[in-house]
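> Handing you this structure, nothing more for now.
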Amino acid sequence: MKIKEIKVFVCCPGRNFVTVKVITEDGTYGLGDGTVNGRELAVVSYLEEHVVPCLIGKDAHQIEDIWQYLYKGAYWQNGAISIAAISAIDMALWDIKGKLAKMPVYLLLGGKSRKGVTVYVHANGETIDEVIGNLGAYIKQGYKAVRLQCALPNSKGTYGTMEGKKNYYELQGNRPLPPENEWSTTKYLNFIPELFKKAREKFGYEIELCHDVHSRITPIEAARLGKLLEPYQLLFLEDAVTTENQEGYKILREQTHIPLATGEKFNTLWDAKEMIQNQWIDYVRTAATHGGGLTALRRLADFASLYHVRTAPHGAPDLSPICLMAHMHFNLWAPNFGIQEFVGFGTPEINEVFQYQVEMKEGLLYMDDQPGLGIDFDEEAAKKHPYKRSYLPVNRLEDGTLWNW
Ligand code: EZ4
Ligand code: CO
């Protein structure tokens, strides 16, 4: 089944998404997500200039060969932009294969390993009381796991909080230049254990809790945080330390038994190899959009399964619903699936552009069986929401030193 045409879209229904539509000679089409927050047009250009021309006329069924062709064949294998482009094509090809086989993609991967997909949602707030209130609301709705993030008192911007926005999807949606945030590790380490103490006092230990440090502290600081949080039995502590140096996790691992998660920025299995092989982490958070699509995630999950590492795919609002649907299939299949990050059911604008069906029952997400990934993209609706230049914040220490955001 030959690839006839590939269209690349970038739209901003509240925030920017890069979408690929691969169309075969019989008119079947597949969709993929290639969004890299703040660098969207680089992916569009990589796709349009360097990927699309090479794929016209190729057999859409040969997913593995196309993956290798775009990865090894480019000579420059790695990199966030090129991998996002490969990921988008890969998702679209799996979507096509499912549609042609008249099967949901999870059946092609090997079938269901579970009845539904356990998710964790985000309880954010400007104060501990606000976070605890939001946590209570999620528990009432039936969610089984919640990530807690709270603004540090008297500081300028804290990762994961709403910054006065009402809708999570609006956060970071339209920032033509990067805003600047401020960070103090001392304030953070002194403050954050109290959040988890209060959450456990109020709601007990049945609800799973997690927290994202967003790579802002050093291994030994993370060890201290891990120890401080140990009594509150987190499901995991996410991105305690940056991962460029995988051995940072060794130091952390030796000091604390808090479960560790990382990997939302991993582009290939190689980015995670040492930390998985050495069992320094418990959850690998790589997304289909940033880790090479379903073809690569499958390989990562199998490798991780050898070392008791479970998958916990990234599910931030800057991944499009196409990525969420790809993850639904992957999560249903992966025998070592752990949990899916989930920020909700979109906004009216997003759901006008992307049509898909998921529902939550008792903390698990379910979808209807549809051929392929089970998502559609309305090109006309997308045109109503043109791209808007937007950047993530940059972060500085109180003395002005540029820091990890
Ligand atoms: O900051 O996706 O766990 N989720 C995260 C995200 C990331 C954004 C960056 O684009 O860390 O909120
Ligand atoms: Co994260």
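The values are calculated or read from the model by the stated rules, or taken from the named source; none is laboratory data. Everything numeric here is computed off the predicted structure, so don't read it as measured data. Heads up, the Cβs are rebuilt from the backbone with ideal geometry, glycines too, and the neighbour counts pull from every protein chain shown.
> Just a yes or no: is a residue in segment 198-208 within 27 Å of SER320 (Cβ to Cβ) and at pLDDT 95 or above?
In the first step, residues of segment 198-208 are kept if they are within 27 Å of SER320 (Cβ to Cβ); the result is 208.
Still in the list and also at pLDDT 95 or above: 208.
Yes, the conditions are met somewhere in segment 198-208.
To keep it simple, each residue is scored yes or no on (1) farther than 25 Å from LEU195 by Cα; (2) within 16 Å of ligand 1 (Cβ to nearest atom); (3) β-branched (Val, Ile, Thr).
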{"residue": "THR243", "(1), (2), (3)": "yes, yes, yes"}
{"residue": "LYS250", "(1), (2), (3)": "yes, no, no"}
{"residue": "PRO259", "(1), (2), (3)": "no, yes, no"}
{"residue": "TRP280", "(1), (2), (3)": "yes, no, no"}
{"residue": "ALA296", "(1), (2), (3)": "yes, no, no"}
{"residue": "ASP302", "(1), (2), (3)": "yes, no, no"}
{"residue": "SER305", "(1), (2), (3)": "yes, no, no"}
{"residue": "ASP318", "(1), (2), (3)": "yes, yes, no"}
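> Within segment 288-312, which residues are out of contact with any Ser or Thr (no Cβ under 7 Å at 6 or more places or on another chain), crowded, with 24+ Cβ neighbours inside 10 Å and free of Cβ contacts under 8 Å to residues at least 40 places away in the same chain?
Scanning segment 288-312 gives VAL309, THR311.
> Restricting attention to segment 243-269, and to residues there that are more than 12 Å from ligand 2 (Cβ to nearest atom) and touching a residue at least 40 places away in the same chain (Cβ under 8 Å), which single residue is surrounded by the most Cβ atoms within 10 Å (Cβ to Cβ)?
ASN267
> Quick check on this structure: which one of ALA123, ALA80, ALA137, ALA151 is small (Gly, Ala, Ser) and under 24 Å from LEU373 (Cβ atoms)? I'd like the intermediate steps shown before the answer.
On the way: ALA123 fails: under 24 Å from LEU373 (Cβ atoms); ALA137 fails: under 24 Å from LEU373 (Cβ atoms); ALA151 fails: under 24 Å from LEU373 (Cβ atoms).
Within the list ALA123, ALA80, ALA137, ALA151, the selection yields ALA80.
> Quick check on my filter: what residues within segment 142-158 are in contact (Cβ under 8 Å) with a residue 60 or more places away in the chain and either buried (at least 19 other Cβ atoms within 10 Å of the Cβ) or not in a loop (DSSP other than H, G, I, E, B) (or both)?
TYR143, ALA145, VAL146, ARG147, LEU148, GLN149
> Going by the conditions given, is LYS156 at pLDDT below 95, assigned by TED's automatic domain parsing to the domain that holds THR311 and charged (D, E, K, R)?
When the stated conditions are applied, LYS156 passes them.
> Can I ask one more? May I ask you to say which residue of GLU247, GLU238 is farther than 18 Å from VAL146 by Cβ and among the acidic types (Asp, Glu)?
GLU247
> Separate question: Has segment 76-86 got at least one residue that is at pLDDT below 95, surrounded by 14 or more Cβ atoms within 10 Å (Cβ to Cβ) and over 17 Å from CYS323 (Cβ atoms)?
Within segment 76-86 (the criterion being at pLDDT below 95, surrounded by 14 or more Cβ atoms within 10 Å (Cβ to Cβ) and over 17 Å from CYS323 (Cβ atoms)), the answer is yes, since at least one residue qualifies.
> Can you tell which of LEU47, LEU100, LEU70 is within 24 Å of the chain's Cα centre (by Cα), in contact (Cβ under 8 Å) with a residue 24 or more places away in the chain and not in a loop (DSSP other than H, G, I, E, B)?
LEU47
> Exactly one condition in (1) touching a strand residue (DSSP E or B) at 6+ places or on another chain (Cβ under 6 Å); (2) within 29 Å of PRO317 (Cα to Cα); (3) not small (Gly, Ala, Ser) is false for ASN78; which is it?
The number of the failed condition is (1).
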